[in-house]
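**Student:** Here it is, the structure in full.
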Amino acid sequence: MKYILLTAIFLSLQGCSIKERPMKTYTLHGDINQKAYNYKFKDKTVKVAYPQGLKEKMGQNMQFSYSDAEHGSYQNSKWSNTVGQLLQGTFIQTLQQSGLFRGVFSYTSTAQADYRLESTIFDFSHMVRGNTSHSVVSVQFFLIDAYSGQLVKSKLFKYAIPTATTNAKGYVDATNIATSMLGNDLIDWLEM
């Protein structure tokens, strides 16, 4: 009986000393300082719709894959908000900083806008293959005339940025590079 009690106390103390790794939270902070030089939209406004995801859930989980069939989420790392909200905020900030439009609004705004920018996320994940990995970002944009509902133009942007490490931190660093490139390319495309 004495041994059972000592074993139980020992095991309970061992349970207290086991530390779980703390959750790390990351956000997007791509450096986008692209200024517009073609002011064809300078008197126009745009609403940025919430991005739609096709393949993966657009939650806070950070997605990775080891093959086309093996997918998962990091257990101790997550995004600070849903991927859709992070990207929508990034697109709004990018357009505001560019000066391309007179006004840039979230889709929930009650203001009337001249254009609507919609997007579809095809991929936003960490692709790990052996000792190499890439942050994969694939987004298609649609610029729509808000009055007629007609498609003005659309374009698919896809990036595969190598990561310095195969962990979540390496993935986030490469994703921020991809997001910066996406923002700059978005402005260039809209100006054309």
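Bear in mind these aren't lab numbers, they're just calculated from the coordinates by the rules spelled out. Computed from a prediction, not measured in an experiment: that's the story for all the values here. Here Cβ is always computed from backbone atoms with ideal geometry, including for glycine, and neighbour counts include all displayed protein chains.
**Student:** Based on the mean of other Cβ atoms within 10 Å per residue, sort peptides 143-156, 177-190 so the most packed one is first. Mind showing how you got there, number by number?
**Tutor:** On the way: 143-156: 12.1, 177-190: 19.9.
Those peptides, ordered most packed to least, come out 177-190, 143-156.
**Student:** Tell me the label-point distance for the pair Lys158, Asn131, using the 7 Å Cα-to-Cβ offset, in nm and rounded to one decimal.
**Tutor:** Rounded to a tenth, the inter-label distance reads 2.8 nm.
**Student:** Something else about it: Just want to confirm a number: the relative contact order over region 44-191, from Cα pairs under 8 angstrom separated by 6+ residues, in percent.
**Tutor:** Values: 291 pairs, mean separation 35.8, N = 148.
Relative contact order comes out at 24 percent.
**Student:** Mind checking the dipole of region 139-192: about its Cα centre, +1 per Lys or Arg Cβ, -1 per Asp or Glu Cβ, Debye to the nearest 20?
**Tutor:** 180
**Student:** Modelled label-to-label distance, Gln75 and Ala146, 7 Å Cα→beta-carbon offset: nm?
**Tutor:** Inter-label distance under the simple model: 4.7 nm.
**Student:** May I ask you to compute the full-extension gain from Gln96 to Lys44, defined as 0.36 nm times their residue separation minus their alpha-carbon distance, rounded to one decimal in nm? Show your work: numbers first, answer last.
**Tutor:** Working: separation 52, 0.36 × 52 = 18.72 nm, distance 1.24 nm.
Additional length available on full extension: 17.5 nm.
**Student:** If you take every residue apart from Tyr147 with its C-beta less than 14 Å away from the C-beta of Tyr147, what net charge results, scoring Lys and Arg +1 and Asp and Glu -1? Write out the running numbers ahead of the final one.
**Tutor:** Details: positive: Lys44, Lys47, Arg116; negative: Asp114, Asp145.
Overall, the nearby charge balance is +1.
**Student:** What does the extension gain come out to for Thr25 and Lys169, with contour length at 0.36 nm per residue minus their alpha carbon separation?
**Tutor:** On the way: separation 144, 0.36 × 144 = 51.84 nm, distance 1.00 nm.
Additional length available on full extension: 50.8 nm.
**Student:** Sticking with this structure for a sec: Take the Cα gyration tensor of region 44-191, multiply each eigenvalue by 5, square-root it, and list the three semi-axes largest first, rounded to whole angstrom. Please report the intermediate quantities before stating the final value.
**Tutor:** Values: eigenvalues 179, 41, 37 Å².
Computed over region 44-191, the values are 30, 14, 14 Å.
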